[in-house]
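Contents: one structure, followed by commentary.
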Amino acid sequence: MGPVLDTLSRPLRNLRLSVTDRCNLRCAYCMPEEEYVWLDKRDVLSFEELAFLVDRFGALGVTKVRLTGGEPLVRKDLAVLVAMLAQRAWLEDLALTTNGVLLAEQAQGLRAAGLRRLTVSLDTLDAGRFRTLTRRDSHGAVLEGISAAARAGFPAGLKLDTVVMRGVNDDELVRLLDYAASVGAELRFIEYMDVGGATRWRREDVVSRAELLVRLTEAFGPIEPIVEHSSAPAERFRLRDGRTFGIIASTTQPFCRACDRARVTADGTFFTCLYATEGLDLKAPLRAGLSAAELEALLRARWARRVDRGAEQRLALTARGPLATAQELKAEPRREMHTRGG
Ligand code: SAM
Ligand code: SF4
Ligand code: SF4
């Protein structure tokens, strides 16, 4: 049995694996509420269970895995999981997305464990603004973390991801690009998305790909698109001075047609779309002792039925507000971006 295709002929190649739903920040676009309902710690999968699941996804065609969260670095001994996964020769790409708060102390260990690609979220270069945006005083720690990552040297690339929000950080586009260049990282601007967790989302706060390109052209002159044949959500561009950057236009130009991503929460719930309301519980069958082949059959059957085009369907709405209310998210925390892994 080889790779599997969904109803729109999309293969399953990418897995975003959330290792925890906990986070040490409270970003306004992801965790704006005062209180959250957390996954039961007993339900959170062990590293052995996560690695076993990764192998099952590998049998279906996954070649790229990104560890995420919540904040993945708050998961104790994460480098142990990285080392386990890095040993899998079939895994072409193992990456991690972090908010960087704990990176200064972990960058070297993650690199030594075999991590080759790292993305750090950075929305502002202003410490006061960071505090307002995240409700935590960790800006210095994040910048130290990024420096430590640059020193550790991630051979497959260091990226910085910036969610652009109107009136919040959209005046920092140029500064952020300059900063990224100074640490040898590539910056990606992400459109603000109306995902679960973004309970304060408003269409007017989104700075679109089109607007970003206009503003950056005003600042830097003509911008050249880089033609690439990949299913990666980021479109890449080159400035006249040779610097490159990306834009992830998930809100105004979604890429559902080419979407080959699965998501698994820290308690082993399998989602076929960021916007999906129903997930498939893998923990119960896993802990009931289903064989590798039986679990792969479960995953295969689920992916083969996949019809999701969540962001495209959202785009077609005339009236568009937050995807879910805080109340709805409390009732089903797996709909939260910080549980589903972004
Ligand atoms: N905590 C880690 C971090 O922030 O990098 C990893 C998990 S976080 C959920 C993954 C990514 O989702 C981050 O880059 C974050 O900026 C992005 N994200 C969260 N909410 C978002 C939203 N409403 N719109 C766009 N991106 C969002
Ligand atoms: Fe921010 Fe990531 Fe935490 Fe969400 S999970 S609050 S994006 S740091
Ligand atoms: Fe993939 Fe769903 Fe995102 Fe579309 S909305 S790109 S189908 S995860």
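The values are calculated or read from the model by the stated rules, or taken from the named source; none is laboratory data. Values in this document were obtained by computation on a predicted structure and should not be read as measured data. Reconstructed Cβ throughout: ideal geometry from the backbone, glycine too, with neighbour counts over all protein chains shown. The accessibility values were calculated without ligands, DNA or RNA, using every heavy atom of the protein model including side chains. Shrake-Rupley method; radii C 1.70, N 1.55, O 1.52, S 1.80 Å.
Any chance you could run the full-extension gain for Thr325 through Ala232? It's 0.36 nm times the residue separation minus the Cα-Cα distance, nm to one decimal. Full-extension gain reported as 30.5 nm.
As a calculated quantity, the FRET efficiency between Val183 and Glu48 at R0 = 35 Å, using C-beta atoms, amounts to about 0.50. The simple Förster model, with R0 at 45 Å and r as the Cβ-Cβ distance, assigns Val214 and Ala284 a FRET efficiency of 0.35. Over all other residues within a Cβ to Cβ distance under 9 Å of Thr7, the charged ones net out to +2, with Lys and Arg as +1 and Asp and Glu as -1.
The alpha-carbon atoms of the chain define a convex hull whose volume equals 130 cubic angstrom per residue.
Alpha carbon centre of the stretch 10-63 versus the stretch 96-125: separation in Å? Distance between centres, Cα-based: 17 Å. Ligands, DNA and RNA left out, the 1.4 Å accessible surface of the chain is 52% carbon and sulfur atoms. Placing a label point 7 Å from the Cα of Glu92 along the Cα-to-Cβ direction, the residues of the stretch 189-233 whose backbone N falls under 19 Å from that point are 227-233. Between Ala276, Ala198, Ala262, the Gaussian network model of the chain with springs among Cα atoms under 10 angstrom shows the greatest mean-square fluctuation at Ala276. Between the stretch 270-284 and the stretch 167-221, what is the C-alpha centre distance in whole Å? A separation of 29 Å, based on Cα centres.
Charged side chains reduced to their Cβ positions (Lys and Arg at +1, Asp and Glu at -1) give the stretch 14-340 a dipole of some 400 debye around its Cα centre. Take the Cα of Ala127, step 7 Å along the line toward its Cβ, and report every residue of the stretch 171-198 whose backbone nitrogen sits under 20 Å from that point. Backbone N within reach: 172, 175-176, 179-180, 183. The helix-based estimate of mean residue ellipticity at 222 nm for the chain, built from -39,500 (n - 2.57) per DSSP H run of four or more residues and divided by its residue count, is -9000 deg cm²/dmol to the nearest 500. Taking every protein chain into account, the accessible area of the stretch 160-297 amounts to 41 square angstrom per residue (probe 1.4 Å). Under 5 Å from the amide H of Leu160 lie the amide H atoms of Val120, Glu186, Leu187, Arg188, each residue being 5 or more positions distant or on a separate chain, with H modelled from the backbone and absent for Pro and chain starts.
Partners of Lys330 within straight-line reach, counting lysines whose Cα lies under 28 Å from its Cα and excluding those fewer than 8 residues away in the same chain: Lys41, Lys76, Lys283.
Stretching Ser291 away from Ile223 to a fully extended chain increases their span by 19.3 nm, per 0.36 nm per residue minus the current alpha-carbon distance.
Under conditions of 25 °C and 0.890 mPa s, the stretch 47-176 yields 157 µm² s⁻¹ as its translational diffusion coefficient, taking Rh as the Kirkwood radius over Cα pairs in the Stokes-Einstein equation.
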